[in-house]
Amino acid sequence: MKNFEYLAPKTVKDALTLLAGDQGDSKVIAGGQSLLLLMGHGLVTPKYLIDIKGISSLNYLQKTQSGLEIGSLTTHRSVETSPLIRNGFCVLAQMEGALASLETRNWGTLGGNVCHADPKGDVCPVLIALGAKVKMISLRGERTMAVEDFSTGYFETALNPDELLAEIQVPNPAPRTGTAYHKFTMIEGDYAIVSTTVSITLDASNEKCKDARIVLGAVAPAPMRAKRAEKVLVGREIKDSLLQEAAQIASEEAEPVSDMHASDEYKRELVKVLVKRVGKEALEKAGMA
Amino acid sequence: MELSAIGKRVALEDAYEKVTGKLKFAVDISLPGMLHAKVLRSPYAHAKIVNIDTRKAEALPGVRAIITHKDVPKEEWMELWLNYYGRVIDDRVRFVGDEVAAVAATSIDVAEEALSLIEVEYEELPHVFDLEEAMKPDAPQVSPYGNVREPTIVEWGDIEQGFKGADLIVEHKTRAGSQQHAPVGLNACIATWEGDKLTIWTSAQSVFEIRDVMARYLKMPMSKVRVIGLPTGGSFGLFWLNNFHFIPVFLARKAGKPVKLELTREEIFSTVKRREICMTSVKLGVKRDGTFTAIHMKHYWENGAYGFKTNPYETMSDLWVRNLKHGKFEFHGVSTNLCTAGCMRGVGDLVQDFCMEQAIDKAAEKLGMGPLEIRLKNHSRAGDPQRADVPFYQWAKLARPEKTLSSSGMDKCIKEGAKAIGWQEKWKGWGQPTEVNGSKRRAIGMAVSSHCSGQRYLGTSSVTVKVNQDGSVNLFTGAGRMGQGMETTQAQIVAEVLGVPVESIKGTHGDTEVCPWSVATVASINAHQTGVATQAAAAEAKRQVCELASKELGAKPEDIDIKKGVVFVKGHPKRSIPFADLTAKIDPETGTWPTIIASASKSIPHSPVARFYMAHFAEVEVDTDTGKVKILRYVAVHDSGRIINPSICENQVVSGVLQGCGFALGERLVFDENTGQILNPNFTDYKILKALDVPDPEVIFVEEIDPVGTFGAKGIGEGTVCPCAAALAQAIYNATGVEFNAIPFTPEIVFRALRSGVAKDADESRYHVAYLN
Amino acid sequence: MITKDLSITINGKQYRLSVGARTLLVDLLRNDLELTGTKVACDSGSCLACTVLVDGKAVKSCSILALQVDGRSVLTIEGLANGDKLHPIQESFVKNHGLACGYCTPGVIMSAKALLDENPSPTEDEVRHVISDHLCRCGAYPKIVKSVLEAAEIMRGE
Ligand SMILES: Cc1cc2nc3c(=O)[nH]c(=O)nc-3n(C[C@H](O)[C@H](O)[C@H](O)COP(=O)(O)OP(=O)(O)OC[C@H]3O[C@@H](n4cnc5c(N)ncnc54)[C@H](O)[C@@H]3O)c2cc1C
């Protein structure tokens, strides 16, 4: 690992001040679960490392009228085990339960995961399906943005160099909404080969689909919504055949590339299977919600 | 026989050190003044080093020694099992990762920086990665001795005649990709010179081999090379004698200081050793009643850059010989510009068994027989001829006595396993699932295998037992500590023979200056073969104790016995003395304490030969939508003779099942098409099955007591991986009707095959994954 | 090299050290303090051989900078036994053969310790989920699960 200067601001303000003076040579570290590996392999070589892990004001998880507010430094494990998550946002807990190892989740943060923007990451696809937003702060002020727009590409985000990700906001789901998540892996708890999150909202009659989100992970430079597939579902009664149709379209929308674990073709096939299966699960959940 | 220590679940002798973190592996060792080494590695698959300039690196503060091909002998060194044949550093590099130069410096950082300052001018040469390409006469030549080794052949009868006598001839071909040992521990070697004496600390399974080969290569007396063999963090064939061991040795000599080389996980994955890529074909002649008339097996093994193997026959030529009058087993070793390949757990037997088992299945299906029936009819039994080591005797120009099999519990393995898995009710016929639920198809499958229990020709191990005045016992062997529980098993043997509690025995293993010579810990050798020497040494110690007791108890030595730490006259348990009282007693005649020390050099006989057997049964569920295979149940039945320590052996079996099933379902090294570089040299991209991926295997021991081995024990460790792939492939075939004849069958490969109905991997590069054409 | 002051409790002992910014917790333990019981086995954060407890939580010491544990308390395998008296988890591993080569063992035991501190009565499935992330190439998993469950019983005083 290349040497660097370690700075551990105690407050958000101090951190932002450091970032404001950034000449492109500093890097924020939260849990370091991803960053330290990159640094260990010489892929990231910051001159200054700004450790925000100790800033406790960014570590919280609270319920408000409109939904959940999760401080960016909240660990994966806190999300997984929080009673607030288990009631109403259980898909988040379920997703977290299969994300890396407990030891990684104990130290790694939700914000770090979102900012890392690994196309194979589990957090963003689920947040997108839930319609979550992120709050970013800098000395210049704050702004919010849909998670969907935040991940802009392969390990890239909309974050400016002087900004911190401060909070993740997950709105309360609309009535009669069910969200389900599944990742296809080679071994249990591994990185996704393909992941799919489907969120379905039924109309008042509980029959027709009022709203749908299909989010695909690991098949594009960033998590992507299969918007054409979503359209297939909206306004219609969801039967197996309709899910099948949506799944087919989603697999066409996906832009996977081959890697050593799976070919692009196979990943498309997996999208087909997962959209169908996960869609069905989401539908069942919506019916019960 | 009533046994006091053998067969008991004795805790590991070194368990205390292990659970407290006190056990030292080579990576944990550091010596005063020690330097750290780093290796400069080739970026090319094949190139000549035209020029190498180390001046800038030498000028870097903190650099103490640099070696290149100019600093090491011109001669090659050879690993005794032909896992390596080459120079330590050559002026030609033969795979990406091959050693080009090495630096010893005051810190790893400095050493790394120095590497970046070494200027190397390469002249690229044409390379070859593919096994079949490499065999062609116009292929780029990897080894100075050509790419293709002289084949080894085990042959008897006349196979043509045997096939003539068959009612059915089945031909089958399989391939396998490359697996890595992937032990959790990291390889490290520390070398230091004091005058003309060399000391090496390394985690190793082959301690004396390292000493012997090192001494010969350095033209030193063996007595002046000391190898302190430390425990390995798993090994499975990796913590053997490897080329990297020589690097700190030469660096330390040049620097005049101790040098430590610790390999990174990436280096371990991509530069030391791996399982070979191979291609096997079997032609099997069968009579209508299922008896075999002839087998012709051809096995092509890819040696990588420095492997030189010509003979990985372990037991496949001997497994089906009950009726077999005609057999021919050929082995062809081939060099390529990939990382060196060599022995890994179940070497030879695993991949050859995969082909053999599938050929047998094909024959059985054609004959309308079940998989159990055909195997029960043909597997070898005690007394059947065993020929696998013929090539060794031919090479050594030694007369070879006829050899026969000592014992076989194969019959019981098959029957017990069938019972445990519920074969009768679950077997629905070839290609028939037990259950279909939407896209999920379930079925069972089974396969058998065997492996050697040591090899007599590897050498005669010796063992020393010392009885101290307080009755405690020291045991010395030259064996390797690789997590297989050898320390405990050997102590159990001594405890049994000497009649003392196992806790009173402390082992010292693998320090060449202290311990007697031992064969390397390979080929599932210790329980069966080393145990014979341990038993003999313990018996000699017992004889000495009984002699002592004879004066004390007023009986003839042969009438005295020792049990539970008490020395007594047979039939007169009251005429006794506690073991520790006896050993502490001053002899009135000599006026001193007794000194009891016993050594034995002993091996197994030429014949009969012991093999150990296993039958594995798997129940799987194939998701035909995704190609993912889920193992629902796994039953592993083993005949390893008497089980000296059931807990140790259960761990061995489970680990073998995880590695064997992992190899079958997805563990594979991926090589870059253009450079041959290993692309997944880490635990993230190399997928290893863990506790959630396979339900706990049900392990059953049938304990066919072997007439040769210590207390009837045979080997166990290596063979545990052998039948897994074949058992899973059969289960998948039964679930889906599609046969998988190339390892691994990853979800994608299964998926594609199910779509096309043919097991074919669509990957373009043949060395990328194994596939069948 | 740029160093910073670090105040840290390791196995109950207070340390004031001066460490380089890029020193990983595992390097501090193994190299500076010679606590080599904590093992390193990968360079991808994925094997868990280096697991230690920081403020009671199991974490990977290879993926934390030493400076990040300033003011915190670290427990390593060396700090688990009470003098020569093994911790019940260690005892259970010895008795039940929850180990083979022993290289992954310190990490596995530390994770087990964190689990049982948080949840004294885990189900078999909960134990399996925790230990399955540890790479044990010797396949001792079934006996590791048994060791942890039996240790839990003993610690509960059953
Ligand atoms: C073996 C292994 C397996 C894994 N498996 C999975 C998996 O299956 N699924 C999955 O989704 N992830 C997985 N991960 C990734 C990992 O869990 C997360 O990415 C990690 O938790 C990130 O959080 P962190 O706090 O450690 O981030 P860090 O490593 O500290 O930071 C990551 C990046 O985010 C930036 N950053 C962090 N916080 C902020 C902030 N508040 N504001 C601005 N920038 C910030 C950093 O500068 C850095 O670029 C795995 C990791 C490992 C090592």
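Put simply, of C:Ser18, C:Ser7, C:Ser92, C:Ser63 the only residue that is under 15 Å from the mean Cα position of the chain (by Cα), of a type in the set (Ser, Thr, Tyr) and either buried (at least 24 other Cβ atoms within 10 Å of the Cβ) or more than 7 Å from every other protein chain (Cβ to nearest Cβ) (or both) is C:Ser63.
In region B:570-615, which residues are part of a helix (DSSP H, G or I) and not small (Gly, Ala, Ser)? B:Phe579, B:Asp581, B:Leu582, B:Thr583 - these are the residues of region B:570-615 that are part of a helix (DSSP H, G or I) and not small (Gly, Ala, Ser). Summed over region B:298-355, residues that are of a type in the set (S, T, N, Q) and without any contact (Cβ under 8 Å) to a residue 60 or more places away in the chain total 1.
Looking across region B:516-530, the residues that are surrounded by 24 or more Cβ atoms within 10 Å (Cβ to Cβ) and not β-branched (Val, Ile, Thr) come down to B:Ser518, B:Ala520, B:Ser524, B:Asn526, B:Ala527, B:His528, B:Gln529.
Only one entry in A:Ala282, A:Ala250, A:Ala222, A:Ala289 is crowded, with 16+ Cβ neighbours inside 10 Å and modelled with pLDDT under 95, namely A:Ala289. Residues that are in a helix (DSSP H, G or I), facing another protein chain (nearest Cβ under 9 Å) and of a type in the set (A, V, I, L, M, F, W, C) within region B:652-701 comprise B:Val653, B:Val654, B:Val657, B:Leu658, B:Leu665, listed in sequence order. Is it the case that region B:442-462 has a residue that's within 14 Å of another protein chain (Cβ to nearest Cβ), touching a strand residue (DSSP E or B) at 6+ places or on another chain (Cβ under 6 Å) and either at pLDDT below 95 or over 30 Å from B:Gly737 (Cβ atoms) (or both)? No, there is no match, as no residue in region B:442-462 is within 14 Å of another protein chain (Cβ to nearest Cβ), touching a strand residue (DSSP E or B) at 6+ places or on another chain (Cβ under 6 Å) and either at pLDDT below 95 or over 30 Å from B:Gly737 (Cβ atoms) (or both). Would you confirm, using the coordinates I've provided, whether C:Asp43 is assigned to a helix (DSSP H, G or I), of a type in the set (Asp, Glu) and within 14 Å of chain B (Cβ to nearest Cβ)? Here the answer is no, as C:Asp43 does not meet what is asked. Scanning region B:179-212 for residues that are away from every other protein chain (no Cβ under 14 Å) and either among the aromatic types (Phe, Trp, Tyr) or closer than 30 Å to B:Glu667 by Cβ (or both) yields B:Cys189, B:Trp193, B:Thr202, B:Ser206, B:Val207, B:Phe208, B:Glu209, B:Ile210. Has region B:172-181 got any residue that is in a helix (DSSP H, G or I), under 17 Å from the mean Cα position of the chain (by Cα) and within 18 Å of B:Trp81 (Cβ to Cβ)? Checked region B:172-181: no residue is in a helix (DSSP H, G or I), under 17 Å from the mean Cα position of the chain (by Cα) and within 18 Å of B:Trp81 (Cβ to Cβ). Only one entry in A:Ala229, A:Ala222, A:Ala212 is part of a strand (DSSP E or B) and assigned by TED's automatic domain parsing to the domain that holds A:Glu281, namely A:Ala212.
The test for being within 16 Å of the ligand (Cβ to nearest atom), in contact (Cβ under 8 Å) with a residue 60 or more places away in the chain and within 14 Å of the chain's Cα centre (by Cα) does not hold for A:Glu188.
Just one residue in the set A:Ser66, A:Ser57 is surrounded by fewer than 20 Cβ atoms within 10 Å (Cβ to Cβ), more than 17 Å from A:Val123 (Cβ to Cβ) and within 13 Å of the ligand (Cβ to nearest atom); that residue is A:Ser57. Just one of (1) among the aliphatic types (A, V, I, L, M); (2) more than 23 Å from C:Val54 (Cβ to Cβ); (3) within 9 Å of the ligand (Cβ to nearest atom) fails for A:Val123. It is (2). Just so you know, in region C:40-60 the residues that are within 9 Å of the ligand (Cβ to nearest atom) and among the small types (Gly, Ala, Ser) include one that is surrounded by the fewest Cβ atoms within 10 Å (Cβ to Cβ), and it is C:Ser44. Here is the figure for region B:466-495: residues that are farther than 13 Å from B:Thr530 by Cβ and more than 14 Å from chain C (Cβ to nearest Cβ) total 10.
Yes/no matrix, rows are residues, columns are (1) under 17 Å from the mean Cα position of the chain (by Cα); (2) on the phi > 0 side of the Ramachandran plot; (3) not acidic (Asp, Glu):
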residue: B:Asn474; (1), (2), (3): no, no, yes
residue: B:Ser524; (1), (2), (3): yes, yes, yes
residue: B:Gln529; (1), (2), (3): yes, no, yes
residue: B:Gln535; (1), (2), (3): no, no, yes
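Residues in region C:115-146 that are farther than 23 Å from B:Ser647 by Cα and hydrophobic (A, V, I, L, M, F, W, C) were compared, and the one that is farthest from the other protein chains (Cβ to nearest Cβ) is C:Leu116.
Being in contact (Cβ under 8 Å) with a residue 60 or more places away in the chain and assigned to a loop (DSSP other than H, G, I, E, B) is the filter here; which residues of region A:171-184 pass it? Once the filter is applied, which keeps residues that are in contact (Cβ under 8 Å) with a residue 60 or more places away in the chain and assigned to a loop (DSSP other than H, G, I, E, B), region A:171-184 yields A:Asn172, A:Pro173, A:Pro175, A:Arg176.
If you check A:Ala100, A:Ala93, which single one turns out to be in contact (Cβ under 8 Å) with a residue 24 or more places away in the chain and not aromatic (Phe, Trp, Tyr)? Reasoning before the result, please.
Numbers: A:Ala93 fails: in contact (Cβ under 8 Å) with a residue 24 or more places away in the chain.
Among A:Ala100, A:Ala93, only A:Ala100 is in contact (Cβ under 8 Å) with a residue 24 or more places away in the chain and not aromatic (Phe, Trp, Tyr).
Only residues that are in contact with a His (Cβ under 7 Å, 6 or more places away or on another chain) and modelled with pLDDT under 95 were counted across region B:302-329, and they come to 2. Please indicate, with yes or no, whether at least one residue in region C:98-107 is among the β-branched types (Val, Ile, Thr) and at the interface with chain B (Cβ under 9 Å from one of its Cβ atoms). Looking through region C:98-107, at least one residue is among the β-branched types (Val, Ile, Thr) and at the interface with chain B (Cβ under 9 Å from one of its Cβ atoms).
The rows are residues; the columns are (1) within 13 Å of the ligand (Cβ to nearest atom); (2) closer than 27 Å to A:Pro221 by Cα.
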| site | (1), (2) |
| --- | --- |
| A:Leu36 | yes, yes |
| A:Leu43 | yes, yes |
| A:Lys47 | no, no |
| A:Lys53 | yes, no |
| A:Asp118 | yes, yes |
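Applying the criterion of being within 16 Å of the ligand (Cβ to nearest atom) and hydrophobic (A, V, I, L, M, F, W, C) to the residues of region C:61-89, the residue that is farthest from B:Leu35 (Cα to Cα) is C:Val69.
Among helices (runs of 4 or more DSSP H) entirely within region A:78-131, having at least 2 residues that are under 13 Å from the mean Cα position of the chain (by Cα) singles out A:90-97, A:110-116, A:123-129. Looking at A:Leu49, A:Leu37, just one residue is over 19 Å from A:Ala166 (Cα atoms), within 12 Å of another protein chain (Cβ to nearest Cβ) and among the aliphatic types (A, V, I, L, M), and that residue is A:Leu37.
Listed conditions (1) at pLDDT 95 or above; (2) of a type in the set (Gly, Ala, Ser); (3) more than 16 Å from B:Leu80 (Cβ to Cβ) are all met by B:Gly237, apart from (3). Restricting attention to region A:150-163, does a residue exist that is closer than 14 Å to A:Leu92 by Cβ and either within 14 Å of the ligand (Cβ to nearest atom) or away from chain B (no Cβ under 14 Å) (or both)? Within region A:150-163, none of the residues are closer than 14 Å to A:Leu92 by Cβ and either within 14 Å of the ligand (Cβ to nearest atom) or away from chain B (no Cβ under 14 Å) (or both).
Taken over region A:165-182, the criterion of being near the ligand (Cβ under 9 Å from one of its atoms) and surrounded by fewer than 24 Cβ atoms within 10 Å (Cβ to Cβ) is satisfied by A:Ala166 alone.
The values are calculated or read from the model by the stated rules, or taken from the named source; none is laboratory data. Fair warning: this is a prediction, and the values are worked out from it, not measured in the lab. Cβ: placed from backbone, ideal geometry, glycine included. Neighbour counts: every protein chain shown.
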